[in-house]
Amino acid sequence: MDLSKVGEREKLKAKQEPYWQRLRTGCYLGFRPSKRGGKGTWIARAYDEDAGKYRVKSIGDYGTLAGNEMFAAAKRDAEALAVLVEAGGEVRTKIETVADACREYAKTRPEAEKRFRRYVYSDPVAKVKLAKVRRRHLKEWRDRLEAQPALVTRNKAGDKRTRQRALSTVNRDMAVFRAALGKVLSPGAPNSEAAWQEALQAHRNADGRRTLYLDREQRRALVGAIVDEAAPFARAMCLLPLRPGALAALLAGDFDKRTAELTIGKDKTGKPRRIQLPGEAAKLFTMQIANKLPTAPLFMRNNGKAWDKSSWKLPIGAAVISAGLPSGASAYTLRHSTITDLVSAGLPLLTIAQISGTSAEMIERHYGHLASSAATEALGTLAL
């Protein structure tokens, strides 16, 4: 790639990933064409040997310069960045736009990063300068979010089946966005255009608890009806109260068969945790890591890839129908059912929260009624 030629740059198609030109070892200059016909943005990338990764910095559009002068100026600034990084200097990314605020917030929050990729980074709101954020910007973003249908499933032919986005899902998407902006913006005066926070207020009474429950016999039926490829993954969902995404992200090296300990690193909380597996679960996990490298997916599909939301929906949906289970049962139904059983068995709510990777407050809010029922039964045994 030769970015020094104005004519060649003008032919480039707009895309998210910059076009890179190597200036020297460990030093690159990038150019991202504008989707709206602007002059585009220049990006510098320099390798940090101490950190073992590249440092990336947007260096502007050089809009005051003529087209044939932009490359020279951008090249000079990219090389200066490389010198700074190689000398051990710290490069701080400027947080200027909504997208910048979201990326900074999501650095230690994988779940937030996923939502931002789906609903923020590609949206017009991403480019709004933080100093110019107004309630209308976020109201328009919210309207676009609520108008997007939610994907229910996809068949083998690739056809999608969707439904209207649930208000509880909208609340979760807005919550992380509101938190990211709250780190860098102060609440605006109520009932004014500066009151950006008012556009992201949650829908009331939308976060109802899950009610569809599968008992042990129904879960056995689902595992028995599912295709062989997905059976280990579904069985693990029935043995542990983990999120499907966290289970799918596990690597073979995350399970220590000597101690039967499992390290769960990629989860909604973003914080690694270790749990001790009981005998049946440990046996299943030991079988799954056999003859696998530590970096291989612990639960692997036939194509060698890890399971994800798009791939587990179809086999679980087919098994639900085949086993004659209630419609609407999903991977998350299995998580809800295992948590329900643990609460009903009298396990402390804090312990359940730690195992499942959520807060005790959430367990109390959604499952506390079960604990109250168990307490009532226990008190009933005191009758004389």
Considering only segment 323-352, state which residues are among the aliphatic types (A, V, I, L, M) and assigned to a loop (DSSP other than H, G, I, E, B).
A323, L325, A329, A345, L347
Of the conditions (1) farther than 30 Å from P124 by Cβ; (2) among the small types (G, A, S); (3) touching a strand residue (DSSP E or B) at 6+ places or on another chain (Cβ under 9 Å); (4) surrounded by fewer than 12 Cβ atoms within 10 Å (Cβ to Cβ), S34 clears all except one; give me its number.
(1)
Might you check whether a residue that is over 25 Å from the mean Cα position of the chain (by Cα), assigned by TED's automatic domain parsing to the domain that holds T351, among the polar types (S, T, N, Q) and in a helix (DSSP H, G or I) occurs anywhere in segment 265-287?
yes
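Any chance segment 7-15 includes a residue that's assigned to a strand (DSSP E or B) and without any contact (Cβ under 8 Å) to a residue 40 or more places away in the chain?
We begin by selecting, within segment 7-15, every residue assigned to a strand (DSSP E or B); these are none.
Checked segment 7-15: no residue is assigned to a strand (DSSP E or B) and without any contact (Cβ under 8 Å) to a residue 40 or more places away in the chain.
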So which pairs qualify, if the first residue must be in segment 227-240 and assigned by TED's automatic domain parsing to the domain that holds D341 and of a type outside the set (K, R), the second must be crowded, with 19+ Cβ neighbours inside 10 Å and not in a helix (DSSP H, G or I), the Cβ gap must be under 8 Å, and the two must be at least 6 apart or on different chains?
A230/W307; P232/F299; F233/F299; F233/W307; A234/I226; A236/L242; A236/F299; L240/L277
With (1) surrounded by fewer than 13 Cβ atoms within 10 Å (Cβ to Cβ); (2) in the same structural domain as Q21 (by TED's automatic domain parsing); (3) over 14 Å from G40 (Cα atoms) as the list, and G63 as the residue in question, which single condition is left unmet?
(3)
If you check G30, G38, which single one turns out to be within 29 Å of R117 (Cβ to Cβ), part of a strand (DSSP E or B) and either touching a residue at least 40 places away in the same chain (Cβ under 8 Å) or among the small types (G, A, S) (or both)?
G30
Residue that is modelled with the lowest pLDDT [pool: residues in segment 77-96 that are among the charged types (D, E, K, R) and more than 31 Å from the chain's Cα centre (by Cα)]:
E86
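Go through segment 301-322 and give me each residue that's touching a residue at least 12 places away in the same chain (Cβ under 8 Å) and either more than 26 Å from Q218 (Cβ to Cβ) or part of a loop (DSSP other than H, G, I, E, B) (or both).
R301, N302, A306, W307, D308
This table checks each residue for (1) touching a Phe, Trp or Tyr at 6+ places or on another chain (Cβ under 8 Å); (2) over 23 Å from L342 (Cα atoms).
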site: D215; (1), (2): no, no
site: R220; (1), (2): no, no
site: G224; (1), (2): no, no
site: G253; (1), (2): no, yes
site: E261; (1), (2): yes, no
site: G265; (1), (2): no, no
site: P272; (1), (2): no, no
site: E280; (1), (2): no, no
site: A290; (1), (2): no, yes
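Go through R9, R55 for me and flag whichever is under 28 Å from the mean Cα position of the chain (by Cα), modelled with pLDDT of 85 or more, of a type in the set (K, R) and crowded, with 18+ Cβ neighbours inside 10 Å.
One residue alone meets the criteria, R55.
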Check on R22, closer than 17 Å to A87 by Cα, basic (K, R) and assigned to a strand (DSSP E or B):
no
Select from segment 44-60 the residues that are touching a residue at least 24 places away in the same chain (Cβ under 8 Å) and of a type in the set (D, E, K, R) and write down the one among them that is nearest to E96 (Cα to Cα).
K57
For segment 100-133 the number of residues that are surrounded by fewer than 19 Cβ atoms within 10 Å (Cβ to Cβ) and among the small types (G, A, S) is 3
Looking at (1) at pLDDT 85 or above; (2) within 21 Å of L240 (Cβ to Cβ); (3) among the β-branched types (V, I, T), which is the one condition that is false for I321?
(2)
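What residue, among those in segment 251-273 that are of a type in the set (D, E, K, R) and at pLDDT 90 or above, is surrounded by the most Cβ atoms within 10 Å (Cβ to Cβ)?
Within segment 251-273, the match that is surrounded by the most Cβ atoms within 10 Å (Cβ to Cβ) is D254.
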Please work out which one of (1) closer than 23 Å to A14 by Cα; (2) assigned to a helix (DSSP H, G or I) is the condition E111 fails and give its number.
(1)
Which is within 28 Å of K183 (Cβ to Cβ), crowded, with 19+ Cβ neighbours inside 10 Å and small (G, A, S), of A82, A44, A74?
A44
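The values are calculated or read from the model by the stated rules, or taken from the named source; none is laboratory data. What you see is a predicted model, and the numbers here were worked out from it, not measured in a lab. Cβ atoms come from the backbone with ideal geometry, glycine included; neighbour counts cover every protein chain shown.
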